[in-house]
Amino acid sequence: MKKHILSVVLMLLSFTVTAQQPWTLQQCIDYAMEHNAGILQSLLQQQNADYQLKMSRNAWLPKVSASASEGLGFGQSPSYTGVYVSDNSSSASVGLSVSMPLFEGLNLYNTIKSNELNLQASGKDLESAKRELQLAIMSYYMNVIYCKELKTVAERQLELSQTQHERTEELYAVGRVPESNVYESAAQVANDRASLTEANNNLMISILELTQAMDIDDMEGFDVVSPEDFGGDKELLPSTLQGTVERALGHHPEMQASQLRLEQSYYDLKAAKSAWYPSLSFYGGYSNGYYHYFTNAAGNVPFGQQLKTNGRTQLGVSLNIPIFNGMQTKYRVKMTELGIENQRLNIENTGKKLKKEIQQAYYSAVAAKEKYVAADNSLKSSRLAYEYAQAGYEAGKTTLMELNESKNRLYKAESSLLQAKYEYLYRCEALELMGR
């Protein structure tokens, strides 16, 4: 019975693996977002920024602490009346204190605003990291699709070669072609079989690269879904380059993060300057104690009575006026001002870098479209030339070598069209993502 159950379980597991559904592009991206170490690190950094903000907001709250002590005194010892007596004694004390900032030169306010902007910038950093990962997954995914279709082309070419070899053997049997044609056609079959093997290897490597980028350990049974039918006459490029650049400069998360950090640095400067202002704080406390003498036992006051008389409560405000702190505040302000200037330069460099990337992506997409159109025309011509060569071979007007050359040109044209097709798709998708 146990063996029967085990067999059923193994059969179901085998069916599950065999029936694994192909992955869509969005599924690949979603999985990578959940498992990529870089994205997870960005999430931790965002969480850390959130904790910093909460800490700065809670700095307004009062600080409360309690204390307790027990000590021994030898010789002159303090008494509950405040007068020292000549006796060994023990004393115990408890206390509760509270303090709360009232004014610190707006340091807390500016620190909170700085941390709020830092949290927003961390969110933009996370968004930027997700875009980079999405672009990488798109590239690997398109490469898998390209290799899959290239494998299909290689299989079709092998079928043509095998059919051609069989037809050559038939023609040789009736004396219409020499025996050398049989060997030549067999060599073409072997060559196309090697091309199919290479296509299989390239497909396996492309799947490995995609699964590694997604952080999937086992690529066994992994497959992807081909995109929807694509027509080269479909316009995928944005209307204008300038509009794409302007949108990117205003909405790209890397640019927004730089702008937010510039604004944050102004609040950091205000927080640094607040050290020049006086600070005012409130404080309060309660303390009580008990004293016990070892020699003069008659002088010991009962514990309860001492607690009634030894209690002390205090309330007050404390004003701190900075006068000189070794020029620490001055140079801290200077360094913060340098940080502002550095952030301005960072925004300028980020804008230039982003503009260059979009320009390169745009013209690469334009070139990819032109390459696709040219490859499509080349394929049509190559297919027509192969049909004429095949008809000529049947009629004895074309040599087998010429027919094979025509077929190889057809294979090359089909491969070039596939490469141009998916390069065009990727370039346009990448450009669209960069310009959001």
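Scanning segment 96-104 for residues that are over 30 Å from F294 (Cα atoms) and assigned to a loop (DSSP other than H, G, I, E, B) turns up at least one hit.
Look at E341 and say whether it is closer than 30 Å to H252 by Cβ, under 30 Å from the mean Cα position of the chain (by Cα) and either modelled with pLDDT under 90 or of a type outside the set (G, A, S) (or both). Answer is yes for this residue. Quick check on segment 58-116: of everything there that is more than 26 Å from G285 (Cα to Cα) and without any contact (Cβ under 8 Å) to a residue 60 or more places away in the chain, which residue is nearest to the chain's Cα centre (by Cα)? Filtering first and then ranking leaves I112.
Listed by first and then second residue, the pairs linking a residue in segment 216-231 that is not assigned by TED's automatic domain parsing to the domain that holds E370 to a residue that is among the polar types (S, T, N, Q) and modelled with pLDDT of 85 or more, with Cβ atoms under 9 Å apart and 6 or more places separating them unless they lie on different chains, form an empty list.
Considering only residues in segment 181-207 that are out of contact with any Leu (no Cβ under 8 Å at 6 or more places or on another chain) and of a type in the set (S, T, Y), the one that is farthest from S161 (Cα to Cα) turns out to be S206.
The number of residues in segment 259-309 being exposed (fewer than 15 other Cβ atoms within 10 Å of the Cβ) and among the β-branched types (V, I, T) comes to 2.
The residue that is farthest from the chain's Cα centre (by Cα), counting only those in segment 410-436 that are small (G, A, S) and assigned to a helix (DSSP H, G or I), is A413. Of the candidates S114, S90, the single residue that is within 17 Å of L307 (Cα to Cα) and either part of a strand (DSSP E or B) or assigned by TED's automatic domain parsing to the domain that holds L53 (or both) is S90. Taking the listed residues K356, K352, K371, K380, the one that is under 30 Å from E414 (Cα atoms), loosely packed, with under 13 Cβ neighbours inside 10 Å and basic (K, R) is K380, with no other qualifying.
Residue-by-condition table, conditions (1) within 30 Å of E132 (Cβ to Cβ); (2) surrounded by 15 or more Cβ atoms within 10 Å (Cβ to Cβ):
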{"residue": "Y31", "(1), (2)": "yes, yes"}
{"residue": "E34", "(1), (2)": "yes, no"}
{"residue": "R57", "(1), (2)": "no, no"}
{"residue": "E70", "(1), (2)": "no, no"}
{"residue": "S77", "(1), (2)": "no, yes"}
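Of all residues in segment 399-420, those that are within 28 Å of A368 (Cβ to Cβ) and in contact with a Phe, Trp or Tyr (Cβ under 8 Å, 6 or more places away or on another chain) total 8.
Within segment 386-401, identify whether any single residue is surrounded by 13 or more Cβ atoms within 10 Å (Cβ to Cβ), assigned to a loop (DSSP other than H, G, I, E, B) and in contact with a helix residue (DSSP H, G or I) (Cβ under 7 Å, 6 or more places away or on another chain), and answer yes or no. Looking for residues that are surrounded by 13 or more Cβ atoms within 10 Å (Cβ to Cβ), assigned to a loop (DSSP other than H, G, I, E, B) and in contact with a helix residue (DSSP H, G or I) (Cβ under 7 Å, 6 or more places away or on another chain), one finds at least one in segment 386-401, hence yes.
Residue-by-condition table, conditions (1) more than 30 Å from the chain's Cα centre (by Cα); (2) at pLDDT below 85; (3) closer than 30 Å to R427 by Cβ; (4) in a loop (DSSP other than H, G, I, E, B):
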residue: Y183; (1), (2), (3), (4): yes, no, no, no
residue: A194; (1), (2), (3), (4): yes, no, no, no
residue: L203; (1), (2), (3), (4): no, no, yes, no
residue: L210; (1), (2), (3), (4): no, no, yes, no
residue: T244; (1), (2), (3), (4): no, yes, yes, no
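Is it the case that G304 is free of Cβ contacts under 8 Å to residues at least 60 places away in the same chain and within 60 Å of the chain's Cα centre (by Cα)? Spelling it out, it is not the case that G304 is free of Cβ contacts under 8 Å to residues at least 60 places away in the same chain and within 60 Å of the chain's Cα centre (by Cα). Within segment 307-354, the set of residues being without any contact (Cβ under 8 Å) to a residue 24 or more places away in the chain and closer than 30 Å to S90 by Cβ comprises L307, K308. Filtered by the rule that a residue be of a type outside the set (D, E, K, R) and outside any strand (DSSP E or B), segment 212-226 gives Q212, A213, M214, I216, M219, G221, F222, V225, S226.
Residues are listed down the side, and each one gets a yes or a no for (1) touching a helix residue (DSSP H, G or I) at 6+ places or on another chain (Cβ under 6 Å); (2) among the aliphatic types (A, V, I, L, M); (3) assigned by TED's automatic domain parsing to the domain that holds S93; (4) farther than 14 Å from S128 by Cβ:
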position	(1), (2), (3), (4)
H251	no, no, no, no
Q256	yes, no, no, no
Q259	no, no, no, no
L262	yes, yes, no, yes
S265	yes, no, no, yes
D268	yes, no, no, yes
G285	no, no, yes, yes
N288	yes, no, yes, yes
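Restricting segment 145-180 to residues that are surrounded by 19 or more Cβ atoms within 10 Å (Cβ to Cβ) and small (G, A, S), the residue that is farthest from Y393 (Cα to Cα) is A154. Here the condition is being outside the structural domain of L307 (by TED's automatic domain parsing), of a type in the set (F, W, Y) and surrounded by fewer than 16 Cβ atoms within 10 Å (Cβ to Cβ); of Y109, Y51, Y140, Y84, it holds for Y51 alone. If I filter segment 166-178 for residues that are among the hydrophobic types (A, V, I, L, M, F, W, C), more than 30 Å from C28 (Cβ to Cβ), free of Cβ contacts under 8 Å to residues at least 24 places away in the same chain and assigned to a helix (DSSP H, G or I), do I get at least one hit? Yes. Modelled with pLDDT of 85 or more, surrounded by 15 or more Cβ atoms within 10 Å (Cβ to Cβ) and within 20 Å of E184 (Cβ to Cβ), is that true of A420? Against the criterion (modelled with pLDDT of 85 or more, surrounded by 15 or more Cβ atoms within 10 Å (Cβ to Cβ) and within 20 Å of E184 (Cβ to Cβ)), A420 does not qualify.
The values are calculated or read from the model by the stated rules, or taken from the named source; none is laboratory data. Quick caveat: nothing in here was measured; it's all calculated off a predicted structure. Every residue, glycine among them, receives a Cβ derived from its backbone with ideal geometry; neighbour counts consider all protein chains shown.
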